[in-house]
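Please read the structure below before turning to the comments.
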Amino acid sequence: MKRKMKRVSQDFIDDDKLHEECGVFGIFDRNCSALEETFYGIFSLQHRGQESAGITVSDGHTMETFRGMGLVTEVFHELPDKEGHIGIGHVRYSTTGSSISCNVQPLQVVDADGPVALAHNGNLVNTKDLRDAFLAKGSTFQTTMDTEVIVKMLAQAQGRNMEERINEVMDKLRGAYSVVVCTNEALYAFRDPFGYRPLVLGQTETGFVVCSETVALDSIDATFIRDIKPGEIIRIDDTGVHSMMCRRTVPRLGMCVFEYIYFARPDSIMNGQDIYKARLQMGKELWRETNFNADVVMSVPDSGNVAALGYAQASGIPYVEGLLKNKYMGRTFIKPGQKKREQAVRMKLNPILSNVKGKKIILIDDSIVRGTTSGIIIGLLRRAGAKEIHLCISSPPVKYPCFFGIDTAARKQLIAVRHSEKEICKLIGADSLHYLSQDGLARAISSLPKENMCFACFDGDYPESVPLAGNESVSEG
Ligand code: SF4
């Protein structure tokens, strides 16, 4: 009997990681092709989602949305012929169950004022209640996305203009959302009051841009203006940028610390923090906490690269490449099971013998989630002749699921829930294992105080109440 093949992205092999769910981009510029600029923008945000991509463009009179499953270059191997000066775009990673074409964003509908399209990064924690309220009134849903709930709420909200309607909707939304909205008149952006997910404002020569990360500004030669504030609502039209704060206030902020550890591109700047420098500092903090002596420092590429460099700089131990990553993995079909998982890791990583054989190694990675690949990687290094392997992780143990737009495993699948550090070390076959402390991590991110960040996947202290704490996360955006 044939075993079922599972279609996966290269991230399947990285299933020992958390996964970002989405990236968003928006532009208002009379002197550009919004479609083309949005394509470049979402291409630079590809790391935030690889399962689907979409672009909406308006020329002020008509609006069209183009979207599909796959990488940005797969969905847009040819750019559609649509002129317009307002555009929004989206890239999405999803949990397997919701990876269906109807869930691809942006979501375009027609409301009383005409066409409107919306794209969302994050995850609402009260989707079920909001959805049930619509269903009770006889509404139906075309998708399983919380994004559709926001669209429906916007259509029904009272208010003299879109900003007032957004404000009313924000009163009722709970959880994480960085949203871009396209109408025939303007581009809008709004961010939840905790500021879980990033959103920045930039400027072209003749227009304005909003996007998840500054790298998307760089991709179209736009200039960074500022971060969009938690709770801020922005309208961009021919008269410029208009800002207001939402009515709802919250007792603290909750910027996701994993953006700094892993999700964001290292060449992005977030809340004034150079992500590369933060990761470098995480490596230096790891050295402060471990003081290991070894022959070489190496990383699990690419996720541990910058922290490994930081460890090497602080310790004076030489940094070498110990594992070479095959750049051409792309998408592949992998059978489930440990043997096939090992094969997949070997397809992706291969030891460089001269840097590994006979060496006492400090191996740096950014996180261990399920613990499925760390042991395989350590096995590869052992077979290549490593004398000792000391694994250092540039984040604390992940013990709680995320409810704010990150795909984590169910709590029972998290290795740090089921095992002590000593047991994990033994299970993965390392000589020692050290996780960066929460304080060390907070010190590495100098631009934000710890109390303004979410550390909940390490300590369970969620910035707001979550529906199923300790159980499975249901992430859609
Ligand atoms: S729970 Fe973890 S992944 Fe989710 S927002 Fe908080 S820090 Fe980020």
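The values are calculated or read from the model by the stated rules, or taken from the named source; none is laboratory data. Remember, it's a predicted structure, so these values are computed and weren't measured experimentally. Heads up, the Cβs are rebuilt from the backbone with ideal geometry, glycines too, and the neighbour counts pull from every protein chain shown. We work out accessible area using only protein heavy atoms, side chains counted, and drop any ligands, DNA or RNA first. Shrake-Rupley method; radii C 1.70, N 1.55, O 1.52, S 1.80 Å.
Of note:
- When the pairs Lys284/Lys357; Lys137/Lys229; Lys229/Lys422; Lys128/Lys340 are compared against a 32 Å limit on Cα-Cα distance, Lys137/Lys229; Lys229/Lys422; Lys128/Lys340 fall above it.
- The stretch 370-437 - charge dipole about Cα centre, Lys and Arg +1 at Cβ, Asp and Glu -1, debye rounded to 20: 200
- Taking Cα atoms only, the orientation of helix 127-136 departs from the longest principal axis of the chain by about 40 degrees.
- Shape class of the stretch 282-371 from the Cα gyration tensor (axes a ≥ b ≥ c, square roots of the eigenvalues): prolate, since a/c reaches 1.5 or more and a/b is larger than b/c.
- Ellipticity estimate at 222 nm from DSSP helix runs (n ≥ 4, -39,500 (n - 2.57)) divided over the chain, nearest 500: -7500 deg cm²/dmol
- For the chain, the longest principal axis of the C-alpha atoms and the axis of helix 305-315 are separated by about 50°.
- Entry note: the stretch 189-265 has Rg to Rh equal to 0.99, where both radii use alpha-carbon atoms and Rh is the Kirkwood radius.
- Amide H to amide H distances under 5 Å link Arg174 with Val125, Asn126, where only residues 5 or more positions off or on other chains count and H is placed in the peptide plane.
- Shape class for the chain: prolate, because the ratio a/c of the largest to smallest gyration tensor axis (alpha-carbon atoms, square roots of eigenvalues) is 1.5 or more and a/b beats b/c.
- Among 235-245, 30-40, 438-448, the order from most to least packed when residues are scored by Cβ within 10 Å on average: 30-40, 438-448, 235-245
- Ala112/Arg30 FRET efficiency (R0 30 Å; Cβ-Cβ; nearest 0.05): 0.70
- Shape analysis of the stretch 232-338 based on the Cα gyration tensor places the equivalent ellipsoid semi-axes at 37, 22, 14 Å, largest first.
- Rounded accessible area of Cys454 (nearest 10 Å², 1.4 Å probe): 20
- Karplus-derived 3J(HN,Hα) values for the stretch 112-117, using 6.51 cos²θ - 1.76 cosθ + 1.60 with θ = phi - 60°, are 4, 9, x, x, 9, 10 Hz; glycine and proline are entered as x.
- Sites Glu164 and Met329 - FRET efficiency at Förster radius 45 Å, r taken between beta-carbons, to 0.05: 0.40
- Rg and Dmax, both from the Cα atoms of the stretch 343-477 and both in Å, are 16.7, 51.
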